[in-house]
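Here is the structure we will look at, set down as structure tokens.
The values are calculated or read from the model by the stated rules, or taken from the named source; none is laboratory data. Everything numeric here is computed off the predicted structure, so don't read it as measured data. Glycine also receives a Cβ, built like all others from the backbone with ideal geometry; neighbour counts cover every protein chain displayed.
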Amino acid sequence: MKSWTACWSCLKSFLSLGMLLLGCSICSYSQTLSNAQLHQKRGYAHQKNNVVFLNPSFQLNQDSVENSSSDSFPSPKSVMYKSMIIPGWGQITNRQIWKVPIVYGLLGGLAWYSMDLTKRYHDYRAAYYNLNSETDDDMRFGPTPDYIPESANLQELKSIRNTYRNRRDMVYIGIGLAYGLNVIDAYVFAHMRSFDVSEDLSMKTRIKPSVMAQATPGFTLSIDLITK
């Protein structure tokens, strides 16, 4: 139980960087605005109950905004595929190069830690096998490392071997999670960067009494999204 607790604490320190990476994307998308969306002041869009009413002059302007937005922002699916092929490629496509060192620092740190744990696991596995009188003396897993004394307790060697093996397996899971966070971060930001979060947006809510099914009294909530 202690080995799993220590391993989980070490893994959380690495994954916290990944969560920071994803949190930065959610917070920073609000600062990314398209120049074409700023011209929506010339039109008026009123969305109510999932129905959008536009005047004819603004319809042309809205089409041009959508076309320009599609040309300015990459497809979220293409960004996701790029991140799956090469970690950090999606962040570069989203013009967030500053995230690339975080991605490779997280993956590189976990990969280096997994290799160190694997080496120590192999050392103690070889020592436990070679010093155990019930096993063949054939150096199946290699020679016993010099830093492990031949008088070591077999139960302690077995416990340490299992500890390093469990930590290594947990780090492998952490590498998979870090890789997934890299893909999710690029995909989420590619979606959110095209959202209009300017001050031209406003919302109006209205609550009014109404008659529901079977003549049951109730209330109706209406939410109006308006672009000034």
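Among the residues of the stretch 142-159, those identified as buried (at least 16 other Cβ atoms within 10 Å of the Cβ) and in a loop (DSSP other than H, G, I, E, B) are T144, I148. Every condition in (1) surrounded by 19 or more Cβ atoms within 10 Å (Cβ to Cβ); (2) modelled with pLDDT of 95 or more; (3) among the hydrophobic types (A, V, I, L, M, F, W, C) is met by F189 except one, and the failing one is (2). Scanning the stretch 160-180 for residues that are surrounded by 21 or more Cβ atoms within 10 Å (Cβ to Cβ) and within 28 Å of P76 (Cβ to Cβ) yields G174, A178.
Scanning the stretch 103-131 for residues that are touching a Gly at 6+ places or on another chain (Cβ under 8 Å) and surrounded by fewer than 20 Cβ atoms within 10 Å (Cβ to Cβ) gives Y104, H122. If I filter the stretch 59-67 for residues that are polar (S, T, N, Q), in a loop (DSSP other than H, G, I, E, B) and at pLDDT below 90, do I get at least one hit? No: zero hits. Name the single residue that is farthest from the chain's Cα centre (by Cα) among those in the stretch 213-226 being at pLDDT 70 or above and surrounded by 10 or more Cβ atoms within 10 Å (Cβ to Cβ). In this case the residue turns out to be T220.
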